[in-house]
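Since the structure comes first, as structure tokens, the remarks are kept for the end.
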Amino acid sequence: HAKSLGKARYAIFDKDMQDQSLKRLVLERELRQAIGTEQIFMAYQPIVTVAEGDVVGFEALVRWKHPEMGVVRPDHFIHVAEETGLIVPLGRWVLEESCRELMLIRQAMPGFEFTMNVNLSKRQLVQPDVVDMLVEVVENAGVDPQWIKLEITESVIMDGQAQVTVVLEEMRRRGFKLAMDDFGTGHSSLSCLHQFPIDVLKIDRSFVSSLDHHVEFAAVIQAIVTLAHTLGLTVVAEGIETMEQLAVLQALDCDSLQGYLFAKPLPLQEVLEFLSAPRSYMNSA
Ligand code: C2E
Ligand code: MG
Ligand code: MG
Ligand code: MG
């Protein structure tokens, strides 16, 4: 009896596996077809200063408006893009579009020196021509590389792979700024932080949400901020959703903030509206 039960279980397991790989194949095919069409577009989430709440830049976040599924968030397809290598052409398009739209934002708001954060996957970093690609794209767009902050996750940077470190150094030599993304999610060791060629530290959303239940956690964030400042880094906290979190982070000397409390990621037209509308979340804090 046990044997036949085992068999039945295997059969179910196999069926699930088949469904999964079928779904993946369909997703891959659809994504391949979507790249280069209007289905793929960018949203930009404002990054604001702690002190004044002024918008200083944006993070570029890719979106896919699937014909049946609606707007699909990157967590559902970036991993497929990475595994299949589609992230290479998609990533180039993301940078091109973000540069083009950064220029439109800057033209609409003369006098503001907005920057644009663009996420880079490991798969992109290890392309032999990645630095040439970056330089070519910004030059074509008329964008100064200093306006672009390349976000690379903590785990990829901390890996310490010689190939990665060499590329990061080359990017900085060419004028790009580098941000360590999702700090606190990997095996981050504060004692390693000084070894990496970065300009910005982004404290992960999970650290910010920890504040809700553990006020003592503020001391941990404070230690990170202090060390980062000693190393000459700017600190951005991600995922601020509540006024309570804002109040704590304001007291901790972070430099800038990003989160739904200020704005969700917005398509270009809404970014322009957001920038021209008065805001008051800081005053009421
Ligand atoms: P990430 O780089 O850490 O981006 C921040 C994510 O947090 C975004 O999710 C953003 O919408 C979300 N977020 C911001 N503020 C809040 C908040 O207050 N509350 C909550 N709950 N979430 C908040 P999104 O856009 O779904 O992107 C997920 C991840 O996908 C990104 O994490 C990044 O790793 C990756 N990704 C997005 N766009 C690109 C891209 O163009 N290229 C690459 N390589 N990866 C991308
Ligand atoms: Mg990011
Ligand atoms: Mg992040
Ligand atoms: Mg993240």
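Worth a mention:
- Candidates A81, A51, A263, ranked by Gaussian network fluctuation over the chain, Cα under 10 Å, top entry: A51
- Principal-axis analysis of the Cα atoms of the chain puts helix 130-141 at an angle of about 60° to the longest axis.
- On region 11-69, 56 percent of the accessible area sits on carbon and sulfur atoms, based on a 1.4 Å probe.
- With DNA, RNA and ligands ignored, accessible area of I78 (1.4 Å probe; Å², nearest 10): 40
- Gaussian network model of the chain, Cα within-10 Å springs - most flexible of H79, H214, H187: H214
- Where both bridge residues fall in the chain, DSSP classifies roughly 40% of the beta bridges as antiparallel.
- Here, the chain is characterised by an Rg to Rh ratio of 1.01, where Rg is the alpha-carbon radius of gyration and Rh the Kirkwood radius.
- Set of region 93-127 residues, backbone N closer than 19 Å to the point 7 Å along the Cα-Cβ line of L272: 97-116
- Net charge dipole, the chain: roughly 880 debye, given to the nearest 20, about the Cα centre with Cβ charges of +1 for Lys and Arg and -1 for Asp and Glu.
- Between K23 and I35, the simple label model (points 7 Å from Cα in the Cβ direction) yields a spacing of 2.3 nm.
- Apolar share of the accessible surface for region 131-189: 44 percent from carbon plus sulfur atoms, 1.4 Å probe.
- Ranking by accessible area, most exposed first, for R100, R172 with a 1.4 Å probe: R100, R172
- Overall form of region 164-285 per C-alpha gyration tensor (a/c, 1.5; a/b vs b/c): oblate
- Cα gyration tensor, region 47-187 - rounded (a/c under 1.5), prolate or oblate: rounded
- Accessible area expressed per residue, the chain, with surrounding protein chains retained (probe 1.4 Å, Å²): 52
- Fluctuation leader among G85, G111, G175 - the chain, Gaussian network, Cα springs under 10 angstrom: G111
- Computed over the chain: relative contact order in percent, which uses C-alpha pairs under 8 Å that are six or more apart: 18
- Dipole magnitude for region 229-279: computed about the Cα centre from +1 point charges on Lys and Arg Cβ and -1 point charges on Asp and Glu Cβ, it is near 80 debye.
- Across S210, S98, the residue with the most accessible area heads the list, and the full order at a 1.4 Å probe is S210, S98.
- Candidates G186, W93, A34 compared by Cα position along the dipole of the chain: farthest toward the positive end lies A34, with charges placed on Cβ.
- Ordering V215, T84, L252 by the projection of their Cα atoms onto the charge dipole of the chain, which places +1 on the Cβ of Lys and Arg and -1 on the Cβ of Asp and Glu, puts T84 at the extreme positive end.
- When +1 charges are put on Lys and Arg Cβ atoms and -1 charges on Asp and Glu Cβ atoms, the dipole computed for region 125-234 relative to its Cα centre reaches about 260 debye.
- Top positive-direction residue, dipole computed over the chain with Cβ charges, set L125, F58, P145: L125
The values are calculated or read from the model by the stated rules, or taken from the named source; none is laboratory data. All figures in this text were calculated on a predicted structure; none of them were measured in a lab. Note that each Cβ is placed from the backbone with ideal geometry, even for glycine, and that neighbours are counted across all protein chains shown. SASA here: full protein model, heavy atoms, side chains in, ligands and nucleic acids out. Shrake-Rupley method; radii C 1.70, N 1.55, O 1.52, S 1.80 Å.
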